[in-house]
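The values are calculated or read from the model by the stated rules, or taken from the named source; none is laboratory data. On a predicted model such as this, the values are computed, not experimentally measured, just so you know. As a convention, Cβ positions derive from the backbone with ideal geometry for all residues, glycine included, and neighbour counts pool all protein chains shown.
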(Lines give C-alpha, C1' and ligand atoms only; values in the text may rest on other atoms or scores of the structure.)
Protein backbone atom coordinates (compact mmCIF):
# COMPACT_ATOMS: atom_id res chain seq x y z
CA UNK A 1 0.00 0.00 0.00
CA UNK A 2 1.13 3.56 -0.67
CA UNK A 3 1.01 6.14 2.11
CA UNK A 4 1.14 9.92 1.79
CA UNK A 5 2.56 11.90 4.73
CA UNK A 6 2.42 15.69 4.98
CA UNK A 7 5.35 17.23 6.85
CA UNK A 8 6.34 20.55 8.38
CA UNK A 9 9.85 21.41 9.53
CA UNK A 10 12.15 24.20 10.61
CA UNK A 11 15.10 23.87 8.26
CA UNK A 12 17.55 25.91 10.34
CA UNK A 13 19.50 23.02 11.82
CA UNK A 14 19.33 20.70 8.80
CA UNK A 15 21.68 20.30 5.87
CA UNK A 16 18.71 20.39 3.54
CA UNK A 17 16.20 17.67 2.70
CA UNK A 18 18.29 15.05 0.91
CA UNK A 19 20.07 12.39 2.97
CA UNK A 20 23.84 12.85 3.15
CA UNK A 21 26.46 10.77 4.96
CA UNK A 22 27.30 12.07 8.46
CA UNK A 23 25.06 15.13 8.07
CA UNK A 24 21.72 15.84 9.72
CA UNK A 25 19.03 16.06 7.03
CA UNK A 26 15.23 16.05 7.03
CA UNK A 27 15.07 12.94 4.88
CA UNK A 28 17.48 11.14 7.18
CA UNK A 29 15.43 11.96 10.28
CA UNK A 30 12.11 11.08 8.64
CA UNK A 31 13.26 7.76 7.20
CA UNK A 32 14.89 6.71 10.47
CA UNK A 33 11.76 7.62 12.45
CA UNK A 34 9.50 5.78 10.00
CA UNK A 35 11.67 2.66 10.18
CA UNK A 36 11.36 2.69 13.97
CA UNK A 37 7.61 3.42 13.92
CA UNK A 38 6.92 0.68 11.36
CA UNK A 39 9.34 -1.76 13.01
CA UNK A 40 11.20 -2.43 9.76
CA UNK A 41 14.95 -2.31 8.99
CA UNK A 42 14.74 0.68 6.65
CA UNK A 43 12.32 2.96 4.84
CA UNK A 44 12.69 5.01 1.66
CA UNK A 45 10.50 8.04 0.97
CA UNK A 46 9.98 10.22 -2.11
CA UNK A 47 9.40 13.94 -1.50
CA UNK A 48 7.62 16.63 -3.49
CA UNK A 49 10.52 19.08 -3.39
CA UNK A 50 14.08 18.82 -2.08
CA UNK A 51 14.64 21.90 0.03
CA UNK A 52 18.09 23.41 0.52
CA UNK A 53 20.00 23.90 3.75
CA UNK A 54 18.09 26.34 5.95
CA UNK A 55 14.84 26.28 3.94
CA UNK A 56 11.65 25.51 5.87
CA UNK A 57 8.40 23.71 5.03
CA UNK A 58 4.79 23.75 6.15
CA UNK A 59 3.51 21.70 3.21
CA UNK A 60 6.15 19.13 2.28
CA UNK A 61 4.66 15.87 0.96
CA UNK A 62 6.27 12.43 0.86
CA UNK A 63 5.13 8.97 -0.11
CA UNK A 64 6.30 5.52 0.87
CA UNK A 65 5.21 1.96 0.19
CA UNK A 66 4.59 -0.48 3.03
CA UNK A 67 2.94 -3.88 3.30
CA UNK A 68 -0.52 -3.71 4.87
CA UNK A 69 0.42 -6.36 7.42
CA UNK A 70 3.49 -4.37 8.47
CA UNK A 71 1.39 -1.26 9.01
CA UNK A 72 -1.15 -3.24 11.04
CA UNK A 73 1.56 -4.88 13.13
CA UNK A 74 3.22 -1.54 13.87
CA UNK A 75 0.07 -0.34 15.65
CA UNK A 76 0.68 -2.92 18.39
CA UNK A 77 -2.05 -2.87 21.04
CA UNK A 78 -3.39 0.51 20.01
CA UNK A 79 -7.14 0.70 19.52
CA UNK A 80 -6.69 3.45 16.94
CA UNK A 81 -6.74 2.79 13.17
CA UNK A 82 -3.23 1.83 11.97
CA UNK A 83 -2.58 5.15 10.22
CA UNK A 84 -3.65 7.13 13.27
CA UNK A 85 -1.35 5.02 15.41
CA UNK A 86 1.48 5.49 12.92
CA UNK A 87 1.10 9.27 12.95
CA UNK A 88 1.18 9.36 16.75
CA UNK A 89 4.19 7.04 16.96
CA UNK A 90 6.02 8.95 14.25
CA UNK A 91 5.63 12.30 16.02
CA UNK A 92 6.76 10.70 19.24
CA UNK A 93 10.01 9.67 17.55
CA UNK A 94 10.74 12.66 15.31
CA UNK A 95 12.79 15.57 16.72
CA UNK A 96 10.87 18.74 17.67
CA UNK A 97 11.84 20.59 14.48
CA UNK A 98 9.99 18.07 12.26
CA UNK A 99 6.28 17.22 12.52
CA UNK A 100 4.11 14.81 10.55
CA UNK A 101 0.80 16.60 10.07
CA UNK A 102 -1.22 13.97 8.25
CA UNK A 103 -0.95 10.37 7.01
CA UNK A 104 -3.32 8.71 4.57
CA UNK A 105 -3.44 5.94 2.02
CA UNK A 106 -3.34 7.04 -1.61
CA UNK A 107 -3.73 5.30 -4.97
CA UNK A 108 -0.75 3.41 -6.35
CA UNK A 109 -0.46 6.05 -9.09
CA UNK A 110 0.27 8.82 -6.56
CA UNK A 111 3.84 10.08 -6.75
CA UNK A 112 4.74 12.90 -4.35
CA UNK A 113 7.25 14.24 -6.85
CA UNK A 114 5.92 13.61 -10.33
CA UNK A 115 2.17 13.77 -9.70
CA UNK A 116 2.37 17.34 -8.37
CA UNK A 117 0.60 20.05 -10.37
CA UNK A 118 2.50 22.89 -8.69
CA UNK A 119 4.49 23.89 -5.64
CA UNK A 120 3.98 27.12 -3.72
CA UNK A 121 6.73 28.84 -1.76
CA UNK A 122 6.69 32.01 0.32
CA UNK A 123 9.66 34.27 0.94
CA UNK A 124 9.35 36.71 3.85
CA UNK A 125 11.24 39.98 4.27
CA UNK A 126 11.03 42.52 7.11
CA UNK A 127 12.18 45.78 5.52
CA UNK A 128 11.22 48.10 8.39
CA UNK A 129 12.83 48.11 11.83
CA UNK A 130 9.35 48.39 13.32
CA UNK A 131 8.33 44.95 11.96
CA UNK A 132 11.59 43.07 12.56
CA UNK A 133 10.64 40.42 15.12
CA UNK A 134 13.56 38.66 16.81
CA UNK A 135 11.25 35.73 17.54
CA UNK A 136 10.83 35.23 13.78
CA UNK A 137 14.49 35.71 12.90
CA UNK A 138 14.84 32.11 11.70
CA UNK A 139 12.04 32.48 9.14
CA UNK A 140 12.03 36.11 8.04
CA UNK A 141 14.87 37.98 6.33
CA UNK A 142 15.66 41.31 8.02
CA UNK A 143 16.34 43.92 5.30
CA UNK A 144 17.83 47.28 6.20
CA UNK A 145 16.31 49.31 3.34
CA UNK A 146 12.63 49.89 2.51
CA UNK A 147 11.22 48.00 -0.46
CA UNK A 148 8.78 49.32 -3.06
CA UNK A 149 6.49 46.36 -3.70
CA UNK A 150 4.84 48.06 -6.68
CA UNK A 151 8.19 48.05 -8.48
CA UNK A 152 8.82 44.45 -7.47
CA UNK A 153 5.42 43.33 -8.73
CA UNK A 154 5.95 45.12 -12.03
CA UNK A 155 9.29 43.35 -12.45
CA UNK A 156 7.82 40.01 -11.36
CA UNK A 157 5.26 40.15 -14.17
CA UNK A 158 8.09 39.81 -16.71
CA UNK A 159 9.14 36.51 -15.16
CA UNK A 160 5.80 34.70 -15.11
CA UNK A 161 5.27 32.10 -17.81
CA UNK A 162 7.09 29.24 -19.54
CA UNK A 163 10.76 30.22 -19.81
CA UNK A 164 14.32 29.04 -19.62
CA UNK A 165 15.33 30.17 -16.12
CA UNK A 166 19.03 29.48 -16.61
CA UNK A 167 19.80 33.00 -15.34
CA UNK A 168 18.24 32.12 -11.99
CA UNK A 169 19.32 28.50 -11.53
CA UNK A 170 22.47 26.86 -10.32
CA UNK A 171 23.37 24.70 -13.28
CA UNK A 172 23.70 20.96 -12.89
CA UNK A 173 25.06 18.74 -15.62
CA UNK A 174 22.25 17.30 -17.71
CA UNK A 175 19.50 19.17 -15.82
CA UNK A 176 16.94 21.28 -17.65
CA UNK A 177 16.33 24.87 -16.54
CA UNK A 178 13.02 25.26 -18.39
CA UNK A 179 10.13 25.85 -15.99
CA UNK A 180 6.60 27.29 -15.96
CA UNK A 181 6.32 30.04 -13.37
CA UNK A 182 2.61 30.19 -12.65
CA UNK A 183 2.67 33.16 -10.31
CA UNK A 184 5.01 35.57 -8.54
CA UNK A 185 3.68 38.47 -6.54
CA UNK A 186 4.50 40.54 -3.46
CA UNK A 187 2.19 41.75 -0.71
CA UNK A 188 2.39 42.64 2.97
CA UNK A 189 0.94 40.47 5.69
CA UNK A 190 -0.92 41.77 8.74
CA UNK A 191 2.35 42.61 10.51
CA UNK A 192 3.81 44.57 7.59
CA UNK A 193 6.27 41.88 6.48
CA UNK A 194 6.76 41.72 2.70
CA UNK A 195 5.82 38.27 1.38
CA UNK A 196 6.64 36.90 -2.05
CA UNK A 197 4.27 34.13 -3.15
CA UNK A 198 5.92 31.98 -5.81
CA UNK A 199 4.14 29.14 -7.60
CA UNK A 200 5.47 26.92 -10.38
CA UNK A 201 5.15 23.44 -11.82
CA UNK A 202 8.65 22.79 -10.50
CA UNK A 203 11.80 24.66 -9.50
CA UNK A 204 15.43 24.20 -10.39
CA UNK A 205 18.28 24.60 -7.95
CA UNK A 206 18.32 27.98 -6.10
CA UNK A 207 15.69 29.40 -8.47
CA UNK A 208 13.34 31.05 -5.98
CA UNK A 209 16.13 32.61 -3.94
CA UNK A 210 17.80 33.98 -7.06
CA UNK A 211 14.50 35.47 -8.24
CA UNK A 212 14.02 37.07 -4.83
CA UNK A 213 17.58 38.40 -4.82
CA UNK A 214 17.02 40.05 -8.19
CA UNK A 215 13.72 41.58 -7.12
CA UNK A 216 15.12 42.92 -3.84
CA UNK A 217 17.65 44.95 -5.82
CA UNK A 218 14.77 46.41 -7.86
CA UNK A 219 12.59 47.04 -4.82
CA UNK A 220 15.21 49.10 -3.05
CA UNK A 221 15.93 51.12 -6.19
CA UNK A 222 19.39 49.83 -7.08
CA UNK A 223 18.19 48.37 -10.39
CA UNK A 224 15.46 49.39 -12.87
CA UNK A 225 12.19 47.48 -13.20
CA UNK A 226 13.36 46.06 -16.54
CA UNK A 227 16.38 44.37 -14.98
CA UNK A 228 14.57 41.13 -14.07
CA UNK A 229 13.33 40.61 -17.63
CA UNK A 230 16.77 41.44 -19.01
CA UNK A 231 18.35 38.84 -16.75
CA UNK A 232 15.80 36.23 -17.82
CA UNK A 233 16.52 36.89 -21.51
CA UNK A 234 20.27 36.54 -20.98
CA UNK A 235 19.89 32.86 -20.01
CA UNK A 236 23.10 32.86 -18.02
CA UNK A 237 23.97 33.70 -14.43
CA UNK A 238 25.10 37.24 -13.69
CA UNK A 239 27.19 37.66 -10.51
CA UNK A 240 25.26 40.90 -9.93
CA UNK A 241 22.17 38.81 -9.08
CA UNK A 242 22.45 37.82 -5.43
CA UNK A 243 20.87 34.64 -4.12
CA UNK A 244 18.71 35.56 -1.12
CA UNK A 245 19.40 33.87 2.22
CA UNK A 246 17.75 30.49 2.67
CA UNK A 247 16.04 31.17 6.00
CA UNK A 248 13.40 33.48 4.51
CA UNK A 249 12.01 30.70 2.30
CA UNK A 250 9.24 28.24 3.18
CA UNK A 251 7.58 25.50 1.11
CA UNK A 252 3.92 26.20 1.83
CA UNK A 253 1.86 23.88 -0.36
CA UNK A 254 1.96 21.19 -3.04
CA UNK A 255 -1.12 20.62 -5.22
CA UNK A 256 -2.18 17.35 -6.85
CA UNK A 257 -4.92 16.38 -9.32
CA UNK A 258 -7.87 14.14 -8.58
CA UNK A 259 -7.07 10.52 -7.72
CA UNK A 260 -8.02 9.20 -11.15
CA UNK A 261 -5.55 11.61 -12.79
CA UNK A 262 -2.52 11.01 -10.55
CA UNK A 263 -0.80 8.30 -12.60
CA UNK A 264 -1.33 10.10 -15.92
CA UNK A 265 0.04 13.33 -14.44
CA UNK A 266 3.15 11.51 -13.22
CA UNK A 267 3.70 9.96 -16.64
CA UNK A 268 3.34 13.32 -18.40
CA UNK A 269 5.73 15.02 -15.99
CA UNK A 270 8.39 12.36 -16.44
CA UNK A 271 8.09 12.51 -20.22
CA UNK A 272 8.18 16.31 -20.37
CA UNK A 273 10.93 16.95 -17.85
CA UNK A 274 13.23 14.00 -18.31
CA UNK A 275 14.36 13.71 -21.93
CA UNK A 276 17.13 11.24 -22.66
CA UNK A 277 20.26 12.24 -20.73
CA UNK A 278 18.53 14.89 -18.61
CA UNK A 279 17.99 15.03 -14.87
CA UNK A 280 14.70 16.14 -13.33
CA UNK A 281 14.76 18.54 -10.40
CA UNK A 282 11.67 19.57 -8.46
CA UNK A 283 13.08 21.20 -5.37
CA UNK A 284 16.13 22.93 -3.92
CA UNK A 285 14.68 26.35 -4.76
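Tabulated values for the structure
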{"quantity": "Residue within the range 37-49 that is touching a strand residue (DSSP E or B) at 6+ places or on another chain (Cβ under 8 Å), part of a loop (DSSP other than H, G, I, E, B), loosely packed, with under 14 Cβ neighbours inside 10 Å and not assigned by TED's automatic domain parsing to the domain that holds residue 247 present", "calculated": "yes"}
{"quantity": "Sole residue being on the phi > 0 side of the Ramachandran plot, in the same structural domain as residue 158 (by TED's automatic domain parsing) and either in contact with a strand residue (DSSP E or B) (Cβ under 6 Å, 6 or more places away or on another chain) or modelled with pLDDT of 95 or more (or both), chosen from 248, 221, 229", "calculated": "221"}
{"quantity": "Qualifying residue in the range 76-93 (condition: in contact (Cβ under 8 Å) with a residue 12 or more places away in the chain, surrounded by 18 or more Cβ atoms within 10 Å (Cβ to Cβ) and assigned to a loop (DSSP other than H, G, I, E, B))", "calculated": "no"}
{"quantity": "Residue 84 vs. criteria in the same structural domain as residue 12 (by TED's automatic domain parsing) and closer than 25 Å to residue 249 by Cα", "calculated": "no"}
{"quantity": "Within the range 219-254, considering residues that are out of contact with any helix residue (DSSP H, G or I) (no Cβ under 8 Å at 6 or more places or on another chain) and surrounded by 20 or more Cβ atoms within 10 Å (Cβ to Cβ), the one nearest to residue 202 (Cα to Cα)", "calculated": "254"}
{"quantity": "Among residues of the range 16-28, those that are surrounded by 15 or more Cβ atoms within 10 Å (Cβ to Cβ) and in contact with a helix residue (DSSP H, G or I) (Cβ under 9 Å, 6 or more places away or on another chain), counted", "calculated": "5"}
{"quantity": "Exclusive hit being farther than 19 Å from residue 227 by Cα, touching a helix residue (DSSP H, G or I) at 6+ places or on another chain (Cβ under 7 Å) and either in contact (Cβ under 8 Å) with a residue 60 or more places away in the chain or in the same structural domain as residue 57 (by TED's automatic domain parsing) (or both), set 155, 130, 103, 116", "calculated": "103"}
{"quantity": "Scope the range 260-281; condition at pLDDT 50 or above and surrounded by 12 or more Cβ atoms within 10 Å (Cβ to Cβ); matching residues", "calculated": "261, 262, 263, 264, 265, 266, 267, 268, 269, 270, 272, 273"}
